[in-house]
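Following: one structure in structure tokens, then a few remarks.
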Amino acid sequence: MYIAITNSSSSSAILRASSKVRFSTSLQPKPCFVKASLLSSPFRSVSTSSAFRSVSRWSHGVDWRSSVTSRAQIVAVAPVVQQFQRKIATMASENPFKGIFTSLPKPGGGEFGKYYSLPALNDPRIDKLPYSIKILLESAIRNCDDFQVTKNDVEKIIDWENTSPKQVEIPFKPARVLLQDFTGVPAVVDLACMRDAMNRLGGDSKKINPLVPVDLVIDHSVQVDVARSANAVQANMDLEFQRNNERFAFLKWGSHAFDNMLVVPPGSGIVHQVNLEYLGRVVFNTDGVLYPDSVVGTDSHTTMIDGLGVAGWGVGGIEAEATMLGQPMSMVLPGVVGFKLSGKLQNGVTATDLVLTVTQMLRKHGVVGKFVEFFGEGMSELSLADRATIANMSPEYGATMGFFPVDRVTLQYLKLTGRSDETVAMIEAYLRANNMFVDYSEPQQEKVYSAHLQLDLNDVEPCISGPKRPHDRVPIKDMKADWHACLDNKVGFKGFAVPKEAQEKVVSFPFNGQTAELKHGSVVIAAITSCTNTSNPSVMLGAGLVAKKACELGLEVKPWVKTSLAPGSGVVTKYLLQSGLQKYLDQQGFSIVGYGCTTCIGNSGDLHESVASAITDNDIVAAAVLSGNRNFEGRVHPLTRANYLASPPLVVAYALAGTVDIDFENEPIGTTKDGKNVYFRDVWPSTEEIAQVVQSSVLPDMFKSTYNAITQGNPMWNKLSVPTSSLYSWDPNSTYIHEPPYFKDMTMDPPGPHGVKDAYCLLNFGDSITTDHISPAGSIHKDSPAAKFLLDRGVDRRDFNSYGSRRGNDEIMARGTFANIRIVNKLLNGEVGPKTIHIPTGEKLSVFDVAMRYKEAGQDTIVLAGAEYGSGSSRDWAAKGPMLQGVKAVIAKSFERIHRSNLVGMGIIPLCFKAGEDAETLGLTGHERYTIDLPSKVSEIKPGQDVTVTTDNGKSFTCTARFDTQVELTYFDHGGILQYVIRNLIKE
């Protein structure tokens, strides 16, 4: 726990009491919508003033007033503080690097605090380290106790240039954990379930508590049910609370039941934008100790914070839970790709065009498991918001991080977003003193990188990406030709196989009293959405300018196009209103629908019934254009087979055109009322126009007022009534929250490693199977096993909600595993959909039903896959679901980083084919039975060792066991990471 004792409301000392790990946070108030008891809150100030107690929760000057009396607080914490002070003194003497623990003086006298000085080590290797690796180094030095973090670990990082190619393992202790509600609900469910398991095994259930600060932002639940309406925000929030009341109450219970957990209510914004504008510290100052901010999050786009110079990346939910509970993260010391930027973006080119270009370059180069660090003179041409856009899409180009070191642009952004001058001065002083600040006005120390890439910003051109993958970039000038090629091509990432004679088909249908038309490529969804772009004032105001010019020319988006605007924070609304541009967006149908992820994660809401019928009855390849970061087929909407990522102003332009089948250079996007053609160039704003509006409309007070208000919650959230018990009372009839079976038969003895004997192949996949394919987040199909489960329990179809909203119920999520309607399973010989073959009988059934048949018969199953298996969102249910279905191993050409780790965390064996081999080259059809020979003792298994796989028809081949670290093997030995944590906590 954290306890703060102050002599006045303006000063405080935060102490962290933990027997194992020291984590800390900046001095910040706990808002009124989270737990009020002192000892259960990490961000509390105790003041001897009888008037009130206040402390800045995120160093933004937000005050929080406690209802607990000063005397009661002081009496309660005094013994704990004395005990912890003794512990701190003991731990400080144990750190072998205490000799470099030094003071950071303030320019006007006094000191900011003390810190571990990297320059004081006098090691020339450190000067050449990438900035991102220095953050890992500082953490290892500060936490070095020669137990969890050893001097040898520190030496590995210092010698990064030589050790990183060898795949060495290091521990890392992030400063905090970030959650959103889709991943946060199952995390809190797991924590509640672990408490029950601790009780059953005779342990202390109170040990199941986050030992690091946890921030959970509810942003994934709002859907676009109501659009093109002035009251859309309230209407959609009303529906959001109706659907998710039980989930929200559960999260509110978690904020009371668990220490160190802050829950930001619905309607506040998108988690990564809130993190960027508000939660991000850059440098912590805790109890006078300074150190860099770092964060892991259960959403893969946690990397957005890398644009602020904060080391952050996505991890699986189960890995995040272990981090919360004090386990150091075990990671392979990554290589770092240096990405040099030069030049300047051309007039009219956006940050979205840039990030799509970077994504394509890095995906082609191959950066999975690596850090990417940006540098060069071109950095001065990129705003902080532009950098955050590039960092956000790290998962799309495959990197663990896309890191931008702190420089003057970072400091300016911190001031713009309301961080105090004193805080910014402390951040700059600390980073300069530790050689972690980039000053481009001074000569640069050359850094060593594992590889180099370079991009002249002048070469970036307007583009979009699609129709099915984020890295399939298409220059706008080539879009029409590319679209027609997609219609011609066989079904695949760039193909729909539409017969030539059907490609020009036009479908007419009635829409609200008028005649509407659709053809292949017609835009039916146009959404300004997602943290990737809504955090960037340039592209948001650029969209407003396009709408304004279109209105002035008499253009209008067709009413059957479902348009929406979902800002990532209330700040966006303020500057759109300040600029006078929101009214033009409203006129074009882009009314604000809510503050959350919406269309980007598939919460698009229904299309109008007549539009949906026209698409399905005539097999139209309809299009969605969105300012998001993911466009995998089946994700955005079940009826949009073509989905394109674009900048917000391009979203408006394509909405006006009504089709992606257009050459913007030579074809008009519409006509004026007097019949004059209007072209793309007539509505497209210049870079200078946008810059002028940004300068006059985006003001520091907007950030301060927005985030002052966020701490007050909202009326619907504040009315939620929740129990105060520390153990959760599971309702067996609930279809939202259900006790999972992970620990039901658990004992104190680890089960040991398991091989696989005569397993059937449940599914046989090709390349690029995403976590959306494995565990979809969107709508629950009416004919699916999950739908049947809900209908059998009296849930009306209109109340199904989404898979993402039901991740607290394992029974639904197991049924939703491999339930994506666009999934392609080779066992079905070309048929698309969530079915598979039960090999013993030859029957074709839903994947869940086949999996249950195997499981009930006591038969193991495996999955065959191609390259990039598990790419996409950091979705722990993509590992939990297969485990519950009985899958024992996945054999793939390659894995996405987070998903591979999640499989290990759930006790599933990840195996990689040898280079040049895959199921096809080995002649595997999926109709064989598979035996994987693993030693029965974990001590006999080594990270990355070869494993022999044999089949019942005489084939034998060698795979690499993708247990990448010794720690992962320990998790496997225990049957999973959470089982390991429980046993360890009980032993303590």
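Just wondering, is there one or more residues in segment 544-554 that are open to solvent by 10 Å² or more (accessible area, probe 1.4 Å), within 29 Å of Gln360 (Cα to Cα) and modelled with pLDDT of 95 or more? Even if it seems obvious, please write down each step before you answer.
Step one: of segment 544-554, the residues open to solvent by 10 Å² or more (accessible area, probe 1.4 Å) are 545, 548-549, 551-554.
Still in the running and within 29 Å of Gln360 (Cα to Cα): 545.
Next, from what is left, pick out any that are modelled with pLDDT of 95 or more: 545.
Scanning segment 544-554 turns up at least one residue that is open to solvent by 10 Å² or more (accessible area, probe 1.4 Å), within 29 Å of Gln360 (Cα to Cα) and modelled with pLDDT of 95 or more.
Picking from Ala497, Ala485, which residue would you name as being outside any loop (DSSP other than H, G, I, E, B) and either at pLDDT below 95 or under 24 Å from Val824 (Cα atoms) (or both)? Give the steps one after another, and end with the answer.
Numbers: Ala497 fails: outside any loop (DSSP other than H, G, I, E, B).
Selected residue: Ala485, the only one of Ala497, Ala485 that is outside any loop (DSSP other than H, G, I, E, B) and either at pLDDT below 95 or under 24 Å from Val824 (Cα atoms) (or both).
Residues in segment 500-512 that are outside any loop (DSSP other than H, G, I, E, B), of a type in the set (D, E, K, R) and touching a residue at least 12 places away in the same chain (Cβ under 8 Å): how many? Don't jump to the end; show me each part of the working.
We begin by selecting, within segment 500-512, every residue outside any loop (DSSP other than H, G, I, E, B); these are 500-502, 506-511.
When the remaining residues are screened for being of a type in the set (D, E, K, R), the result is 500-501.
Next cut, touching a residue at least 12 places away in the same chain (Cβ under 8 Å) only: 500.
Residues in segment 500-512 being outside any loop (DSSP other than H, G, I, E, B), of a type in the set (D, E, K, R) and touching a residue at least 12 places away in the same chain (Cβ under 8 Å): 1 in total.
Restricting the search to segment 249-265, which residues are within 20 Å of Ile592 (Cβ to Cβ) and in a loop (DSSP other than H, G, I, E, B)?
Looking only at segment 249-265, we keep the residues that are within 20 Å of Ile592 (Cβ to Cβ), and these are 264-265.
Pro265, the sole residue that qualifies.
Here are Thr841, Thr836: which of them is touching a residue at least 24 places away in the same chain (Cβ under 8 Å), closer than 17 Å to Tyr760 by Cβ and among the polar types (S, T, N, Q)?
Values: Thr841 fails: touching a residue at least 24 places away in the same chain (Cβ under 8 Å).
When all the criteria are applied, what remains is Thr836.
Which one of the conditions (1) open to solvent by 60 Å² or more (accessible area, probe 1.4 Å); (2) more than 30 Å from Gly203 (Cα to Cα); (3) part of a loop (DSSP other than H, G, I, E, B) does Asp745 fail to meet, given that it meets all the rest?
(2)
Within the group Gly866, Gly870, Gly881, Gly916, which residue is touching a His at 6+ places or on another chain (Cβ under 6 Å) and under 28 Å from Tyr397 (Cβ atoms)?
Details: Gly866 fails: touching a His at 6+ places or on another chain (Cβ under 6 Å); Gly881 fails: touching a His at 6+ places or on another chain (Cβ under 6 Å); Gly916 fails: touching a His at 6+ places or on another chain (Cβ under 6 Å).
Among Gly866, Gly870, Gly881, Gly916, only Gly870 is touching a His at 6+ places or on another chain (Cβ under 6 Å) and under 28 Å from Tyr397 (Cβ atoms).
Can you pull out every residue in segment 550-575 that is part of a helix (DSSP H, G or I) and either in contact (Cβ under 8 Å) with a residue 40 or more places away in the chain or of a type in the set (Val, Ile, Thr) (or both)?
Residues of segment 550-575 part of a helix (DSSP H, G or I): 550-552, 570-575.
Those that are part of a helix (DSSP H, G or I) and either in contact (Cβ under 8 Å) with a residue 40 or more places away in the chain or of a type in the set (Val, Ile, Thr) (or both): Ala550, Gly570, Val571, Val572, Thr573, Lys574, Tyr575.
Can you name every residue in segment 349-368 that is open to solvent by 10 Å² or more (accessible area, probe 1.4 Å) and in contact with a strand residue (DSSP E or B) (Cβ under 7 Å, 6 or more places away or on another chain)?
Thr357, Gln360, Met361, His365
Just to verify a result, which residue in segment 783-806, among those that are of a type in the set (Lys, Arg) and farther than 24 Å from Arg630 by Cβ, is surrounded by the most Cβ atoms within 10 Å (Cβ to Cβ)? Write out each step before concluding.
From segment 783-806, those of a type in the set (Lys, Arg) are 788, 793, 797-798, 806; that's our starting set.
Then drop every residue that is not farther than 24 Å from Arg630 by Cβ, which leaves 788, 793, 797-798.
Working: Lys788: 15, Arg793: 12, Arg797: 10, Arg798: 8.
Here the residue is Lys788.
I'm told Asp663 meets every condition in (1) farther than 21 Å from Leu577 by Cα; (2) in contact (Cβ under 8 Å) with a residue 12 or more places away in the chain; (3) out of contact with any helix residue (DSSP H, G or I) (no Cβ under 8 Å at 6 or more places or on another chain) except one. Can you identify the failing condition by its number?
The number of the failed condition is (3).
Which strands (runs of 3 or more DSSP E) does segment 804-880 wholly contain that include 2 or more residues that are at pLDDT 95 or above and closer than 21 Å to Ile891 by Cα?
Working: elements: 835-838, 843-846, 861-864.
Counting at least 2 such residues, we get 835-838, 861-864.
Which residues, counting only those in segment 513-549, are touching a residue at least 60 places away in the same chain (Cβ under 8 Å) and part of a strand (DSSP E or B)?
The answer is Ala516, Leu518, Lys519, Ser522, Val523, Val524, Ile525, Ala526, Ala527, Ile528.
Please count how many residues of segment 428-445 are in contact with a Gly (Cβ under 9 Å, 6 or more places away or on another chain) and either assigned to a helix (DSSP H, G or I) or over 24 Å from Gly378 (Cβ atoms) (or both).
Counting residues in segment 428-445 that are in contact with a Gly (Cβ under 9 Å, 6 or more places away or on another chain) and either assigned to a helix (DSSP H, G or I) or over 24 Å from Gly378 (Cβ atoms) (or both) gives 2.
Please tell me if Tyr115 is farther than 25 Å from Val372 by Cα and touching a residue at least 60 places away in the same chain (Cβ under 8 Å).
Numbers: farther than 25 Å from Val372 by Cα: yes; touching a residue at least 60 places away in the same chain (Cβ under 8 Å): yes.
So Tyr115 fits the description; yes.
Scan segment 583-594 and report the pairs whose first residue is in contact (Cβ under 8 Å) with a residue 40 or more places away in the chain and surrounded by fewer than 22 Cβ atoms within 10 Å (Cβ to Cβ) and whose second residue is assigned to a loop (DSSP other than H, G, I, E, B) and of a type in the set (Ser, Thr, Tyr), with Cβ atoms within less than 9 Å and a gap of 6+ or a chain change.
Qualifying pairs under 9 Å: Ser591/Ser229.
How do the strands (runs of 3 or more DSSP E) wholly within segment 271-366 filter down when requiring 1 or more residues that are in contact (Cβ under 8 Å) with a residue 12 or more places away in the chain and over 30 Å from Gly594 (Cα atoms): which remain? Spell out the reasoning first.
Details: elements: 283-286, 289-292, 294-297, 311-314, 329-332, 336-342.
Those strands (runs of 3 or more DSSP E) span 283-286, 289-292, 329-332, 336-342.
Of all residues in segment 912-942 being without any contact (Cβ under 8 Å) to a residue 60 or more places away in the chain and not charged (D, E, K, R), which is nearest to Arg900 (Cα to Cα)? Show your work before the answer.
Narrowing segment 912-942 to residues without any contact (Cβ under 8 Å) to a residue 60 or more places away in the chain: 912-918, 920-923, 939-940, 942.
Retained after the next criterion (residues that are not charged (D, E, K, R)): 912-913, 915-916, 921-923, 939.
On the way: Cys912: 11, Phe913: 14, Ala915: 18, Gly916: 20, Thr921: 23, Leu922: 23, Gly923: 25, Ser939: 21 Å.
That would be Cys912.
Of the conditions (1) more than 27 Å from Tyr116 (Cβ to Cβ); (2) in contact with a Pro (Cβ under 7 Å, 6 or more places away or on another chain); (3) surrounded by 24 or more Cβ atoms within 10 Å (Cβ to Cβ), Val263 clears all except one; give me its number.
(2) is the only condition that Val263 fails.
Give the residues of segment 764-782 that are farther than 24 Å from Val188 by Cα, in contact (Cβ under 8 Å) with a residue 24 or more places away in the chain and either within 27 Å of the chain's Cα centre (by Cα) or open to solvent by 10 Å² or more (accessible area, probe 1.4 Å) (or both), sorted by residue number. Full working, then the answer.
Here is the first cut: in segment 764-782, the ones farther than 24 Å from Val188 by Cα are 764-770, 773, 781-782.
Subset that is in contact (Cβ under 8 Å) with a residue 24 or more places away in the chain: 764-770, 773, 781.
Once the filter is applied, which keeps residues that are farther than 24 Å from Val188 by Cα, in contact (Cβ under 8 Å) with a residue 24 or more places away in the chain and either within 27 Å of the chain's Cα centre (by Cα) or open to solvent by 10 Å² or more (accessible area, probe 1.4 Å) (or both), segment 764-782 yields Phe765, Gly766, Asp767, Ser768, Ile769, Thr770, His773, His781.
Of these, Lys156, Lys134, Lys128, Lys151, which one is closer than 23 Å to Val310 by Cα, open to solvent by 60 Å² or more (accessible area, probe 1.4 Å) and at pLDDT 85 or above? Quick ask: steps written out before the conclusion?
On the way: Lys156 fails: open to solvent by 60 Å² or more (accessible area, probe 1.4 Å); Lys134 fails: open to solvent by 60 Å² or more (accessible area, probe 1.4 Å); Lys151 fails: closer than 23 Å to Val310 by Cα.
None of the others qualify; the one that does is Lys128.
The values are calculated or read from the model by the stated rules, or taken from the named source; none is laboratory data. Note that the coordinates shown come from a computational prediction; the quantities given were computed from them, not determined experimentally. We place every Cβ from the backbone using ideal geometry, glycine too, and count neighbours over all the protein chains shown. Side chains included, ligands, DNA and RNA excluded: accessible areas come from the protein's heavy atoms. Shrake-Rupley method; radii C 1.70, N 1.55, O 1.52, S 1.80 Å.
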